[in-house]
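Peer 1: The structure follows.
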Amino acid sequence: QVQLMETGGGSGKPGGSLRLSCVASGSVFNIDRMGWFRQAPGKHRELVATINRHGTANYADAVKGRFTISGDRDNTKITVNLQMNSLKTEDTAVYYCNADHYRCTEYLGDSWGQGTQVTVSS
């Protein structure tokens with residue numbers, strides 16, 4: 001079992017910055033990739049950014065150049081941060097931490113955090 005605990009978020013202004021953090025604990029040994037997704041009201045959940053165990057990051061076009069994902073792991077936990085700069089009103093959404101589990105190349109499933117609200121308004 002893996003637990004994902006999200007912190008950060010809240011309210012920000014256009015052009016401002018916010019930072020999200022997610023800590024995965026428990027059975028983290030089979031987590032190959034972690035990331036952030038978001039869901040705005042009336043929209044589908046969408047990928048924001050991911051980072052794998054080798055440190056390779058992937059970003060949605062909408063956040064490239066503005067958001068930076070980083071991660072750190074040891075035997076007991078994985079921490080993933082999302083630094084959000086140059087915020088836009090369209091970044092308003094509930095942000096969810098996600099972890100993908102693998103056994104070698106076999107996909108085992110994923111885990112989700114409870115979500116944290118990010119609101120960008122002037």
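The values are calculated or read from the model by the stated rules, or taken from the named source; none is laboratory data. Values in this document were obtained by computation on a predicted structure and should not be read as measured data. Here Cβ is always computed from backbone atoms with ideal geometry, including for glycine, and neighbour counts include all displayed protein chains. Heavy atoms of the whole protein, side chains included, go into the accessibility calculation; ligands, DNA and RNA do not. Shrake-Rupley method; radii C 1.70, N 1.55, O 1.52, S 1.80 Å.
Peer 1: Arg33 versus (1) over 17 Å from Gly115 (Cα atoms); (2) in a loop (DSSP other than H, G, I, E, B): which is the lone unmet condition?
Peer 2: (2)
Peer 1: Now a separate question. Considering only residues of the range 103-122 that are in contact (Cβ under 8 Å) with a residue 24 or more places away in the chain and among the hydroxyl-bearing types (Ser, Thr, Tyr), which is nearest to Asp91 (Cα to Cα)?
Peer 2: Top of the filtered list is Thr119.
Peer 1: Do we have Asn52 as within 16 Å of Ser111 (Cβ to Cβ), surrounded by 15 or more Cβ atoms within 10 Å (Cβ to Cβ) and of a type outside the set (Gly, Ala, Ser) here?
Peer 2: Yes: the conditions hold for Asn52.
Peer 1: Shifting gears a bit: Restricting to the range 1-29, name every residue that is in a loop (DSSP other than H, G, I, E, B) and open to solvent by less than 30 Å² (accessible area, probe 1.4 Å).
Peer 2: Gly9, Gly16, Val28
Peer 1: How many residues does the range 72-97 hold that are assigned to a strand (DSSP E or B) and touching a residue at least 12 places away in the same chain (Cβ under 8 Å)?
Peer 2: Number satisfying all stated conditions: 14.
Peer 1: Among the residues of the range 48-69, how many are assigned to a loop (DSSP other than H, G, I, E, B) and either among the basic types (Lys, Arg) or more than 19 Å from Val23 (Cβ to Cβ) (or both)?
Peer 2: 10
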